[in-house]
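The values are calculated or read from the model by the stated rules, or taken from the named source; none is laboratory data. Every value quoted in this text rests on a predicted model; they were computed, and no experiment measured them. Every residue, glycine as well, gets a Cβ built from its backbone with ideal geometry; the counts of neighbours run over all protein chains shown. Accessible surface areas use protein heavy atoms only, side chains included; no ligands, DNA or RNA. Shrake-Rupley method; radii C 1.70, N 1.55, O 1.52, S 1.80 Å.
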Amino acid sequence: IRVFTETTSTNDIVEKLARDGVAEGSVVFAETQTRGRGRMGRQWFSPPGTGLWFSVLLRPRLRPTAVTQLTVVSAVAVARAIERETGLHPEIKWPNDILFGQRKAAGILLELGAELDRIRHATLGIGIDVNLQSTDMPPELREIATSLRMEAGRPLDRGSLATAVLRELDHLYQRLADGDFHEIGDEWMRRCSTLGRRVAIQIGDRKITGRAEALDDEGALLVRTE
């Protein structure tokens with residue numbers, strides 16, 4: 001585990017470690033990120049000392065088509081840890097958000113170094129708004145974001161939460177490596193707020209609309225179209 005006072009993005013550091021041949025299991029935390037990012041290149045707001053901003057280096061033996069399993073495993077690990085440490089009951093929104101109601105409290109960003117038939121490494125970035133208050137957030141985020149402190153009504157110990165997340169992630173990642181994805185996928189579906197709703201999914205220039213139904217055996221979302 002490496003902890004930085006400030007960095008551009010913890011994913012950037014883990015990506016460099018991966019290229020240098022570092023073994024999987026390395027974790028990088030930062031107290032703040034100057035260029036934290038989420039999916040689709042969106043900026044991730046990560047002010048100093050208020051959240052958990054970290055990335056994990058993994059070298060999974062998965063086909064690139066099954067890599068969504070890592071996002072599913074990670075979301076379940078984060079949701080379990082939050083539940084254990086706070087008593088709150090977060091929901092998972094496809095593909096990578098942890099919500100309370102309609103407000104986001106955590107997100108997951110998975111970036112790959114891959115070839116057509118194998119994954120060389122995966123950089124798993126996790127951001128959790130732990131002790132932010134609404135006044136800490138820019139105005140444009142206050143209606144769509146929340147924090148564990150705001151939901152629980154009390155400040156939380158970031159170290160304890162970090163430990164809980166890493167322990168859950170370690171346990172579930174081992175189960176994934178052992179071929180035991182099915183039960184993890186079932187838990188994801190029980191926690192997911194997306195299933196049963198109409199969705200619009202953009203894949204490159206294609207847009208798919210329909211009803212989100214379930215996960216398949218590789219962790220992909222099954223959508224029933226017209």
*Out of all the residues in the range 66-87, is one or more at pLDDT 95 or above, out of contact with any Pro (no Cβ under 9 Å at 6 or more places or on another chain), of a type in the set (S, T, N, Q) and more than 27 Å from R118 (Cα to Cα)?*
yes
*Only one of these conditions is not met by G101: (1) closer than 18 Å to A66 by Cβ; (2) out of contact with any helix residue (DSSP H, G or I) (no Cβ under 8 Å at 6 or more places or on another chain); (3) of a type outside the set (V, I, T). Which number is it?*
(1)
*Pairs with Cβ under 6 Å, 6+ apart, first in the range 4-20 and within 17 Å of T32 (Cβ to Cβ) and of a type in the set (G, A, S), second open to solvent by less than 80 Å² (accessible area, probe 1.4 Å) and not in a helix (DSSP H, G or I)*: S9/Q33; S9/G36; S9/R37
_Restricting the range 132-168 to residues that are at pLDDT below 95, among the hydrophobic types (A, V, I, L, M, F, W, C) and surrounded by 14 or more Cβ atoms within 10 Å (Cβ to Cβ), the residue that is nearest to V67 (Cα to Cα)_ = A145
*asked:* Out of everything in the range 83-110 that is surrounded by fewer than 20 Cβ atoms within 10 Å (Cβ to Cβ) and in a loop (DSSP other than H, G, I, E, B), what residue ends up being farthest from the chain's Cα centre (by Cα)?
replied: G87
*Which of the residues belonging to the range 172-194 are of a type in the set (A, V, I, L, M, F, W, C) and open to solvent by 40 Å² or more (accessible area, probe 1.4 Å)?*
A177, M189
*Within the range 71-82, is there a residue that is open to solvent by 10 Å² or more (accessible area, probe 1.4 Å) and aliphatic (A, V, I, L, M)?*
no
*How about the range 8-19: which of its residues are open to solvent by less than 20 Å² (accessible area, probe 1.4 Å) and polar (S, T, N, Q)?*
S9, T10, N11
_Close pairs (9 angstrom Cβ cut-off, 6 or more residues apart or separate chains): free of Cβ contacts under 8 Å to residues at least 12 places away in the same chain in the range 45-70, surrounded by 23 or more Cβ atoms within 10 Å (Cβ to Cβ) and assigned to a strand (DSSP E or B) anywhere_ = none
*Every residue from the range 27-64 that is open to solvent by 20 Å² or more (accessible area, probe 1.4 Å), within 29 Å of L215 (Cβ to Cβ) and modelled with pLDDT of 85 or more*: R59, R61, L62, R63, P64
*Please find, within the range 195-219, the residue that is nearest to R59 (Cα to Cα) out of those that are surrounded by 19 or more Cβ atoms within 10 Å (Cβ to Cβ) and touching an Asp or Glu at 6+ places or on another chain (Cβ under 9 Å).*
L215
